[in-house]
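What follows is one structure encoded as structure tokens, with my remarks underneath.
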Amino acid sequence: MQGAPPLRFLIVDDDRELVALLIEYLSGAGITASSAADGAAGLAQALEGSFDLVILDVMLPHLDGFEVLRQLRKRSTLPVIMLSARREREDRINGLETGADDYLPKPFDPDELLARARAVLRRAKHSTSPVDEVIEVGEITIKTHHRAVLHGDRNLDLTGFEFEILDLLVRPVGRQVTRDEISGVLYQRPAQAYDRAVDVHVSRLRQKLLPAGVRIKSIRGVGYILSSASDGNA
């Protein structure tokens, strides 16, 4: 009779030395580990569905750990332990509220990480359904779980990519969102220099939002920012 297959962990961290040490340590505990060095690649691998747990750093190129986690939580209950060299209380709260199962500051003891991972996996058997978050901006109402955008009683007909872009721009309204962030969510890679696909999607979304008093402004060399008549920045 064959035993259970070995656990598979995904480590998303751009610290190559730490990743190599963790892979070696986990291997000694009978756990197979793979890695990704940036947020976009990590999100793509996590969504493949072949891992039991993700170890996710906060500070990552292209897409930070908080956004990777938020995108992952929209589609998966895969257990996640967040890591961060920053010890601010707000970071820990943000990670846990976004959907992390645990949060561990760097530097850490690998034995503690493994113990926390095993505890998280035990708790993961009792997963819950995602909550439908409701966000209001200007004259529109966004229901995140149902992926619906309403202007009054009318449902705005957004494509999947347009909804993902809007979902990024409203967290919070007034935050600059880079083209790399948008490309990381849509395509799980950084924006390409001559690829105008992101700009085309943003342009189409912009036209659909204008009648509701919501505007998307271009920030040259950076990306985009959302504003509405009600916040005084439209």
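FYI, it's all coordinate maths here, none of it is from the lab. All values reported here derive from a predicted model rather than from experimental measurement. A quick note on method: Cβ atoms are made from the backbone with ideal geometry, for glycine too, and the neighbour counts reach across all protein chains shown.
Quick look at the values:
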item: Taking E88, E67, E181 and counting other C-beta atoms within 10 Å, the order from fewest to most; result: E88, E67, E181
item: Taking I182, I219, I23 and counting other C-beta atoms within 10 Å, the order from fewest to most; result: I219, I23, I182
item: Anisotropy class of the range 8-126 from Cα gyration tensor, a/c 1.5 cut; result: rounded
item: Fewest-first ranking of F66, F9, using other Cβ atoms within 10 Å as the exposure measure; result: F66, F9
item: Helix-derived mean residue ellipticity, 222 nm - over the chain, DSSP H n ≥ 4, -39500 (n - 2.57), to 500; result: -11000 deg cm²/dmol
item: Euclidean distance between Cα centres, the range 70-87 to the range 33-60, Å; result: 9 Å
